[in-house]
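Please read the structure below before turning to the comments.
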Amino acid sequence: MATKNVNKQQKLTRAQKAERIKAAEERERRAKEAAAAKERTKKIFIVVVCVILVLALGLPTMGLALFAGA
């Protein structure tokens, strides 16, 4: 009877360990996904800022060149 109780306790411990490992892997996966999303957002922001700067500097320059020629 005592061996059944000990054996059941060991199985429970193994199940708990497996569950903890699974939870840790899930947390790690979510952290990687969040980091990737953050990096994507940062790249998009940089591209948008660059486009705005190009337009802000290019349009007045083209306007001056157009009116200076007329």
Collect the residues in region 48-70 that are open to solvent by 90 Å² or more (accessible area, probe 1.4 Å) and assigned to a helix (DSSP H, G or I), keeping them in residue-number order.
ILE52, LEU53, VAL54, LEU55, LEU57, LEU59, MET62, LEU64, LEU66, PHE67
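Can you confirm whether region 25-33 contains a residue that is at pLDDT below 95, of a type in the set (Lys, Arg) and either within 28 Å of the chain's Cα centre (by Cα) or part of a helix (DSSP H, G or I) (or both)?
Here is the first cut: in region 25-33, the ones at pLDDT below 95 are none.
No, because not a single residue in region 25-33 is at pLDDT below 95, of a type in the set (Lys, Arg) and either within 28 Å of the chain's Cα centre (by Cα) or part of a helix (DSSP H, G or I) (or both).
The values are calculated or read from the model by the stated rules, or taken from the named source; none is laboratory data. Keep in mind it's a predicted model, so treat the numbers as computed, not measured. For accessibility, only protein heavy atoms count, side chains too; no ligands or nucleic acids. Shrake-Rupley method; radii C 1.70, N 1.55, O 1.52, S 1.80 Å.
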